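Have a look at the structure below, then the notes.
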Amino acid sequence: MGDAAGEPTYYVISDLHIGGDEQLGEIDFLEELLEFLERLETTDEDAELLINGDMFGLWEFTQVDGPAKFDLLIERYPALFEQLRATGESIPITLLPGNHDSELAAYDEYVKRLAEYNVDLVRSESITRPVGNRTIWFEHGHQQDPNNRFEDFGNPYETPLGYFYNALVTSRAGQLSDRGRNNWLKDVQAVTPTDRVPRWLVSKYLYREMNPLLRYAVIPFLLLFNISALIAVLAGLDVAGVWTMPVERTDAVLDQLGVAGEAVHFLLVVNTVVTGMILLVSVPIYFILRDVTKTVDRFGIFETELTVDPDEPYKEAAREVFDERPETAVFCYGHTHRPKVTELEGRLLVNTGTWLKRLHRREVFAGILPPVFYPSYQLCAVRISAESDGVAVEYEEIQKPDPHGDEITLTERLLTLGRAPAPDLPERSVVNDGISEPTDDTGEQVD
């Protein structure tokens, strides 16, 4: 269906996280962003571009303070700011701060500086826009995240928990990333939620940083760990006289394989001995750790959860907005980096995703090897407009090749059977007289 005559069309993007210390300053999607802005510059629609938070990664700048960060942004990305100026001469560009660039709301200078590039900075945590006879509610979404919520938004001295993580961990990763193989550490900002960072680090160390000779010595052991554990248990039962292992039959089969059989036999024996020792040691360690955990729980040391449910807080926030503002057709947010549309009480809950790289966990097919994190891009702009059949929400995909070939090794492909992700963006959805059409909820979560 076509746009309703004379009605505005809104293009919404969020979570670009442009800027940061050293390697964090690289923009993988700069070419695609410039092309998108150039297209909006020539549109014949009555359009507005809304950047729904975290356009900049100001938290990740640790060498300078305040508006001096803006000078660095202009120095690093002159083509981007000139294109913003050109696009802003054709259509309005509105920027809503997120948590990573919350200090945009703290200084008057940012309003003036951005206005020079035709960007209207709204120093608020939410705004609304009319669409037909309904409205759209925009917020970045950090308000619903206890680790990134502000009690006094716009106060430059307020630092929620998420600030310290990004200032101490993410920015440090940007400073150190180029010291590693393939400059991968900077991708820590793509790992969400943050409690998955330890497994990601173990994965990247094994598949990227570990000495190759050591890696190829360790992988067979870890790959056969489950089999070795089973053999060790059966060997224990054999020693106890509970069950007799068919050793002669197994040896006969392996003997038929010649040298290869001898190698497999040797590997299984070594694996079984080592695994048996690990199992013996792990039993007392398990009971000790369980007792320590119970003690920590009694004292309530870790009562605050460090991660958040990716969906439920936003559903609750949207319900409150829908109750207080019945004319609202769409609750639009970002922050969690998951492009997704959810039907809620006849209205739509819309997440605008991210332009950063996304990581998708794939477990290996055997053993106790760490998972592989496949990278992908889901660059998109959400288009919201009034149409003759209601308020329509569409995801416009911005094509960018996934970096599998450059960032996933042959070993990782083999261990995961090449199960690369193929995430899809949500399909078109419509809110019509308080009733929405079925929506596609296939925006793949980062696992």
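Taking the conditions exactly as written (more than 21 Å from G405 (Cβ to Cβ), surrounded by fewer than 20 Cβ atoms within 10 Å (Cβ to Cβ), without any contact (Cβ under 8 Å) to a residue 40 or more places away in the chain and not β-branched (V, I, T)), does R319 satisfy them or not?
Numbers: more than 21 Å from G405 (Cβ to Cβ): yes; surrounded by fewer than 20 Cβ atoms within 10 Å (Cβ to Cβ): yes; without any contact (Cβ under 8 Å) to a residue 40 or more places away in the chain: yes; not β-branched (V, I, T): yes.
It is true that R319 is more than 21 Å from G405 (Cβ to Cβ), surrounded by fewer than 20 Cβ atoms within 10 Å (Cβ to Cβ), without any contact (Cβ under 8 Å) to a residue 40 or more places away in the chain and not β-branched (V, I, T).
I want to confirm something. Restricting to region 188-211 and keeping residues that are over 18 Å from L356 (Cβ atoms) and aromatic (F, W, Y), which single residue is surrounded by the fewest Cβ atoms within 10 Å (Cβ to Cβ)?
Y205
Within the set of pairs 6+ apart or on separate chains, which have a first residue in region 80-93 that is outside the structural domain of V119 (by TED's automatic domain parsing) and over 11 Å from E48 (Cβ atoms), a second that is part of a loop (DSSP other than H, G, I, E, B) and basic (K, R), and C-beta atoms under 6 Å apart?
Pairs found: none.
Residue under question is S388, and the condition is that it be modelled with pLDDT under 90 and under 23 Å from P8 (Cβ atoms); does it hold?
Numbers: modelled with pLDDT under 90: yes; under 23 Å from P8 (Cβ atoms): yes.
Against the criterion (modelled with pLDDT under 90 and under 23 Å from P8 (Cβ atoms)), S388 qualifies.
Applying the selection to region 103-153, what residues are closer than 23 Å to Y10 by Cβ and charged (D, E, K, R)?
D120, R123, E125, R129, R134, E139 - these are the residues of region 103-153 that are closer than 23 Å to Y10 by Cβ and charged (D, E, K, R).
For every residue, the table says whether it meets (1) in contact (Cβ under 8 Å) with a residue 60 or more places away in the chain; (2) among the aromatic types (F, W, Y); (3) farther than 30 Å from R134 by Cβ.
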residue	(1), (2), (3)
E7	yes, no, no
V12	yes, no, no
W59	yes, yes, yes
T62	yes, no, yes
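Given the conditions (1) part of a loop (DSSP other than H, G, I, E, B); (2) within 24 Å of the chain's Cα centre (by Cα); (3) in contact (Cβ under 8 Å) with a residue 60 or more places away in the chain, and given that G66 satisfies all but one, which numbered condition is not satisfied?
Among (1) part of a loop (DSSP other than H, G, I, E, B); (2) within 24 Å of the chain's Cα centre (by Cα); (3) in contact (Cβ under 8 Å) with a residue 60 or more places away in the chain, the lone unmet condition for G66 is (2).
Could you count how many residues in region 48-67 are among the acidic types (D, E), surrounded by fewer than 23 Cβ atoms within 10 Å (Cβ to Cβ) and closer than 27 Å to T352 by Cβ?
Narrowing region 48-67 to residues among the acidic types (D, E): 48, 54, 60, 65.
Going one step further and asking which of them are surrounded by fewer than 23 Cβ atoms within 10 Å (Cβ to Cβ), we end up with 48, 65.
Next, only the ones that are closer than 27 Å to T352 by Cβ stay: 48.
The total comes to 1.
Cβ-Cβ under 7 Å, sequence separation 6+ or interchain: first residue in region 377-404 and within 15 Å of L16 (Cα to Cα), partner polar (S, T, N, Q) and not in a strand (DSSP E or B). Which pairs?
Pairs that qualify, where the first residue is within 15 Å of L16 (Cα to Cα) and the partner is polar (S, T, N, Q) and not in a strand (DSSP E or B), are V382/T352.
This table checks each residue for (1) out of contact with any Ser or Thr (no Cβ under 6 Å at 6 or more places or on another chain); (2) basic (K, R); (3) modelled with pLDDT under 60; (4) assigned by TED's automatic domain parsing to the domain that holds R361.
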residue	(1), (2), (3), (4)
G162	yes, no, no, yes
V169	yes, no, no, yes
L176	yes, no, no, yes
L214	yes, no, no, no
D251	yes, no, yes, no
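Kindly establish whether T354 is of a type outside the set (D, E, K, R), touching a Lys or Arg at 6+ places or on another chain (Cβ under 9 Å) and surrounded by 24 or more Cβ atoms within 10 Å (Cβ to Cβ).
Values: of a type outside the set (D, E, K, R): yes; touching a Lys or Arg at 6+ places or on another chain (Cβ under 9 Å): yes; surrounded by 24 or more Cβ atoms within 10 Å (Cβ to Cβ): yes.
Yes.
Kindly check whether there is at least one residue in region 419-426 that is farther than 30 Å from E363 by Cα and either without any contact (Cβ under 8 Å) to a residue 60 or more places away in the chain or surrounded by 14 or more Cβ atoms within 10 Å (Cβ to Cβ) (or both). Quick ask: steps written out before the conclusion?
Looking only at region 419-426, we keep the residues that are farther than 30 Å from E363 by Cα, and these are none.
Taking every residue of region 419-426 in turn, none turns out to be farther than 30 Å from E363 by Cα and either without any contact (Cβ under 8 Å) to a residue 60 or more places away in the chain or surrounded by 14 or more Cβ atoms within 10 Å (Cβ to Cβ) (or both).
So, L58, is that one over 26 Å from E89 (Cβ atoms) and touching an Asp or Glu at 6+ places or on another chain (Cβ under 6 Å) or not?
Values: over 26 Å from E89 (Cβ atoms): no; touching an Asp or Glu at 6+ places or on another chain (Cβ under 6 Å): yes.
No: the conditions fail for L58.
The values are calculated or read from the model by the stated rules, or taken from the named source; none is laboratory data. Owing to the predicted nature of the structure, the values given are computational and were not obtained by experimental measurement. Heads up, the Cβs are rebuilt from the backbone with ideal geometry, glycines too, and the neighbour counts pull from every protein chain shown.
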